[in-house]
């Protein structure tokens, strides 16, 4: 049997694939579209909220757009004034000073237009890209409920599972407060407590086999990705991070788990084929041959699996003959005999 290090730990969220989602401004949540456990997509709207920032930002946008329109109208007049001054100068009816004055005025106006265009784009970008609403306010009849165009969306930043929901309709939220937690459960972490004296045997990239109480007979493959820098002074262990693929979704955060790390050496062990093992009244049993056609049910303690076999920790001696094919038939006959006796 390969020599392994067994160390306890727990399954945790993959912090590189978890996102805490909040509001971008002060406001009141009006609608919530998702519940804990829902699968969400990148860009999906999780909730919508009302904020005074909407009206203030749209007012600034309208003001900037109006100012840009005014300046562009003034530009046309300024161009005509410059052209008139040039014609008068050409026929000796005007001065060069008048031409230069109108050209300077036009350049100044064009500079103001450039700055006004920047302000329009800035205020539009704040509405569309930051708040996530259209720049132009939709027209609604008096007394109508607020439409989506008038509410700031709170969107999911990635595909994943909604793990936490911290708001309901009516919640007043602030920037920085966690409204939702979204996580990608396809790869989780296990934080393993490795004893100090085995730290020399652990290295990044080495394979790990992880077992959890929910699936005691199943091993989940993982890989060491990081070794902690600090030693726990109480337990004298170091935290080692293991990446655990979880495509089937069987593993859950906060599960207690055991990690088995191969140390490269081997040790002698006793094995039986897995087909020889039957379960009777919660006990693992094999049928040991005592004579031709006579078998004894023997309770055994199992260890680790290896290539279709299971390690036997106690209950058998090397060299004893056990039934492999047909062990289920022997179990059935034993159960039938027990029922007849009762």
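The values are calculated or read from the model by the stated rules, or taken from the named source; none is laboratory data. Quick caveat: nothing in here was measured; it's all calculated off a predicted structure. In this analysis, Cβ positions are derived from the backbone assuming ideal geometry, glycine residues included, and neighbour counts consider all displayed protein chains.
Observations on the model:
- Test: residue in the range 96-108 that is under 26 Å from residue 61 (Cβ atoms) and either in a strand (DSSP E or B) or at pLDDT 90 or above (or both): yes
- Residue in the range 76-98 that is in contact with a helix residue (DSSP H, G or I) (Cβ under 7 Å, 6 or more places away or on another chain), in the same structural domain as residue 127 (by TED's automatic domain parsing) and under 30 Å from residue 125 (Cβ atoms) present: yes
- Selection of strands (runs of 3 or more DSSP E) fully inside the range 267-342 by the criterion of at least 1 residues being within 22 Å of residue 219 (Cα to Cα) returns 271-273, 278-280, 283-291, 301-306, 309-314.
- Flag if residue 14 is surrounded by 18 or more Cβ atoms within 10 Å (Cβ to Cβ), within 24 Å of residue 253 (Cα to Cα) and in contact (Cβ under 8 Å) with a residue 24 or more places away in the chain: yes
- Yes/no for residue 62 being crowded, with 16+ Cβ neighbours inside 10 Å and outside the structural domain of residue 226 (by TED's automatic domain parsing): no
- Qualifying position, being at pLDDT 90 or above, farther than 19 Å from residue 212 by Cβ and in contact with a strand residue (DSSP E or B) (Cβ under 7 Å, 6 or more places away or on another chain), among 236, 241, 283: 236
- Selected residue [over 18 Å from residue 16 (Cβ atoms) and within 24 Å of the chain's Cα centre (by Cα)] from 172, 182, 167: 167
- So residue 58, is it more than 30 Å from residue 98 (Cα to Cα), part of a helix (DSSP H, G or I) and within 37 Å of the chain's Cα centre (by Cα): yes
- Considering the range 313-325, and only residues there that are surrounded by 13 or more Cβ atoms within 10 Å (Cβ to Cβ) and within 51 Å of the chain's Cα centre (by Cα), the residue that is nearest to residue 268 (Cα to Cα) turns out to be 313.
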